[in-house]
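S.K.: Let me begin by handing over the structure; questions about it come next.
The values are calculated or read from the model by the stated rules, or taken from the named source; none is laboratory data. Keep in mind that what you see is a predicted model, and the values were worked out from it rather than measured. For neighbour counting, all protein chains shown are included, and Cβ atoms are generated from backbone atoms with ideal geometry for every residue, glycine included. Just the protein is used for accessible areas: all its heavy atoms, side chains included, with ligands, DNA and RNA removed. Shrake-Rupley method; radii C 1.70, N 1.55, O 1.52, S 1.80 Å.
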Amino acid sequence: MIADPRRARQEAVAAALAAEELEGLLVTSRANIRYLTGFSGSAAIVAVTRGDVLLVTDFRYDEQARAEAGAVARIEVESTSVWDRFFQALATLGPLTVVGYEAHVLSVEDAERFVQAGKPWRWKPTKHLVERLRAAKDAGEVAAIRSAAELAGEGLRRTLTQVRAGLTELEVAGILEGTLRRLGSEGHPFPTIVASGPRSALPHARSSRRVVAAGEWLLLDFGAQVDGYCADITRTVVVGARATERQRAVYELVAEAQRRARACVRAGMSGRDADALARDVIEARGFGEAFGHSLGHGLGLEVHEAPRLSKTNADPLPVGAVVTIEPGVYVAGQGGVRIEDDVHVSAAGPVLLSDGRTELLELV
Ligand code: ZN
Ligand code: ZN
């Protein structure tokens, strides 16, 4: 019998509470609620104390909450005010004086409820307490991200056989999203980016009605989701022609930087040093200014989570993190290339979860 990982997570929160001199934590982040209880609905409030977990939701989620979270949390269902019920139930969790809340998540409107109904407790802001725990993934989480990444890779392979000059970016996005859905993706973790020609130089372009022309870059940045866990992949291809020498040179530079970073990233290395693995390669060729974003980000229940692989992160990468490695080179008016794969930073070294295909694809 394998221990329920949610119990271990709840115990880790209890230990973090003790370290911060809190007796309980109010959890309102949907991803944190799912992580700690398994509940995947859109509306719930959770309290974690050192010995108890309470989940209050509304009548829409009665059955779902009991099925998903009933084994690891006390479920209360309320049909009028979830917050009123929450404060009533909190009073039954034993003598609590100082309770933390997620300052980075809670709205000002909800925080004002503490002033009215939350009187008996002293409320203390916390930041990223559960998110810090989420940065290191357990085996089940890594397996879910791997499934999502494999699904994404297969979705792209099937899509590229249908891509040709004359389609709009939105049409390509539609083919890709439909394929991902048919393969079993639970959702699109973020709006699919399909950017062609000069628009590929916009790192976070939205797919548009622009028609893709022969010889242009086509950049596809998209995700897939399995058991709530996200994959995040980017591929850049040339449509309807062989690549020019200039295109090939830019592409090979990004691919080289990407392969180096994904082979050399290690737990214990700072986010800044990880970022430099790719940045040094690109800067050495004079394209430093054209790589204007950070190398990557953590990946899990949310598509952007800790740790960040960026110049401003001096903290060490935790063992077990899953991160994206996504350097890019963008030249305004011409176009851009980004290549993104998903990597598990295990104790034994980096393990590629996505297909890692970095050869330049020419769709002719
Ligand atoms: Zn991406
Ligand atoms: Zn990404």
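S.K.: May I ask for the percentage of alpha-carbon pairs in the stretch 5-134 that lie more than 25 Å from each other?
M.R.: 15
S.K.: Something else: Go ahead and run the numbers for FRET between Asp227 and Arg122, Cβ-Cβ distance against an R0 of 51 Å, rounding to 0.05.
M.R.: Efficiency, rounded to the nearest 0.05: 0.85.
S.K.: On to the next question. Each residue of the stretch 265-273 in turn: what ³J(HN,Hα) in whole Hz from Karplus with 6.51, -1.76, 1.60 and θ = phi - 60°, glycine and Pro shown as x?
M.R.: 5, 9, 4, x, 6, 6, x, 5, 5
S.K.: Moving to a separate point now. Using the Cα centre as the reference, give the magnitude of the dipole from point charges on the C-beta atoms of the stretch 221-263 (Lys, Arg: +1; Asp, Glu: -1; all else neutral), rounded to the nearest 20 debye. Intermediate values should be presented prior to the final figure.
M.R.: Values: 7 positive and 6 negative charges, 52 e Å.
Result for the stretch 221-263 is approximately 260 debye, rounded to the nearest 20.
S.K.: At most 11 other Cβ atoms within 10 Å and a DSSP loop assignment: could you name the trypsin sites (Lys or Arg not before Pro) in the stretch 164-220 that fit?
M.R.: Sparse-neighbourhood loop trypsin sites (Lys or Arg not before Pro): Arg209.
S.K.: If you don't mind, another one. Once the convex hull of the alpha carbons of the stretch 85-190 is built, what does its volume come to per residue, in cubic angstrom?
M.R.: Enclosed volume per residue, from the Cα hull, is 182 Å³.
S.K.: Considering only protein heavy atoms and a probe of 1.4 Å, how much of the accessible area of the chain is carbon and sulfur, as a whole percent? The partial results should precede the final answer.
M.R.: Values: 8180 of 15750 Å².
After summing per-atom areas, the C and S share lands at 52 percent.
S.K.: Also, quick follow-up: Ordered by residue, what ³J(HN,Hα) values in Hz, to whole numbers, does the stretch 115-131 give under the Karplus form 6.51 cos²θ - 1.76 cosθ + 1.60, where θ = phi - 60° and Gly and Pro are x?
M.R.: So the J values, rounded to whole Hz, are 5, 7, 9, x, 3, x, 10, 9, 9, 10, x, 10, 10, 6, 5, 6, 4.
S.K.: Could you work out how far apart the two model spin labels at Ala143 and Arg260 are, taking each label as a point 7 Å from the Cα in the direction of the beta carbon, and quote it in nm?
M.R.: Result for the modelled spin labels: 3.7 nm.
S.K.: Shifting gears a bit: Could you give the length gained by full extension between Gln88 and Gln334, i.e. 0.36 nm per residue of separation minus their alpha carbon distance, to one decimal place?
M.R.: 82.5 nm
S.K.: Given 10 Å bins starting at zero, what is the percent of C-alpha pairs of the stretch 139-363 in each, up to the one with the largest pair distance?
M.R.: Computed distribution, short to long bins: 9, 36, 37, 17, 1.
S.K.: Further, regarding this structure: Need one number: % antiparallel among DSSP beta bridges in the chain, to the nearest 5.
M.R.: Looking only at bridges with both residues in the chain, the antiparallel portion is about 75 percent.
S.K.: A follow-up question, please. Residues with beta-carbon under 11 Å from that of Gln88, excluding Gln88: net charge, scoring Lys, Arg +1 and Asp, Glu -1?
M.R.: -2
S.K.: If r is the Cβ-Cβ distance from Ala214 to His304 and R0 is 41 Å, what FRET efficiency results, to the nearest 0.05?
M.R.: Values: r = 34 Å, r/R0 = 0.84.
Given R0 = 41 Å and the Cβ-Cβ separation, E is 0.75.
S.K.: Mind listing the long-range amide H neighbours of Arg74? Cut-off is under 5 Å, sequence gap 5 or more, other chains count too, H placed in the peptide plane at 1.01 Å from N.
M.R.: Val53, Leu54, Leu55
S.K.: Using a 1.4 angstrom probe, figure out how much accessible area the chain has per residue, in square angstrom, rounded to the nearest whole.
M.R.: 43
S.K.: What does the charge dipole of the chain about its Cα centre add up to, to the nearest 20 debye, if the Cβ of each Lys and Arg holds +1 and the Cβ of each Asp and Glu holds -1?
M.R.: Dipole of the chain, to the nearest 20 debye: 500 debye.
S.K.: If contacts are Cα pairs under 8 angstrom and at least 6 residues apart, what is the relative contact order of the stretch 317-364 in percent?
M.R.: Numbers: 63 pairs, mean separation 15.3, N = 48.
Relative contact order, the stretch 317-364: 32 percent.
S.K.: Under a plain spin-label model, where a point goes 7 Å from the Cα along Cα-to-Cβ, how far apart in nm are Glu362 and Ala18?
M.R.: 6.4
S.K.: Over the chain, how many pairs of lysines fall under 26 Å by alpha carbon, counting only those 8 or more apart in sequence or from different chains?
M.R.: Values: Lys119/Lys127; Lys127/Lys137; Lys127/Lys311; Lys137/Lys311.
Here the count comes out as 4.
S.K.: Which residues make up the longest stretch of the chain that has no GluC sites (Glu not before Pro) in a DSSP loop with at most 10 other Cβ atoms within 10 Å?
M.R.: 22-358
S.K.: Points 7 angstrom from Cα along the Cβ direction at Arg157 and Ala284: gap in nanometres?
M.R.: According to this spin-label approximation, the distance is 3.3 nm.
S.K.: Report the gain in length on full extension from Ser270 to Leu183: 0.36 nm times residue separation, minus Cα-Cα distance, nm rounded to one decimal.
M.R.: Length gained, Ser270 through Leu183: 27.7 nm.
S.K.: Further, regarding this structure: Under the Karplus relation 6.51 cos²θ - 1.76 cosθ + 1.60, θ = phi - 60°, what is the ordered set of whole-Hz ³J(HN,Hα) values for the stretch 37-42, x standing for Gly and Pro?
M.R.: The phi angles translate into 10, x, 6, 10, x, 8 Hz.
S.K.: Let me ask something else about it. Under unit Cβ charges (Lys, Arg +1; Asp, Glu -1), what dipole magnitude, rounded to 20 debye, does the stretch 143-267 have relative to its Cα centre?
M.R.: With only Lys, Arg, Asp and Glu charged at Cβ, the dipole is about 280 debye.
S.K.: Let me ask something else about it. Find the relative contact order for the stretch 92-141 and round it to a whole percent, using C-alpha pairs within less than 8 Å whose residues are 6+ positions apart.
M.R.: Across the stretch 92-141, relative contact order equals 47 percent.
S.K.: Normalised by the number of residues in the stretch 139-363, what is the relative contact order in percent for Cα pairs under 8 Å and 6+ residues apart?
M.R.: Working: 555 pairs, mean separation 53.2, N = 225.
Result for the stretch 139-363 is 24 percent.
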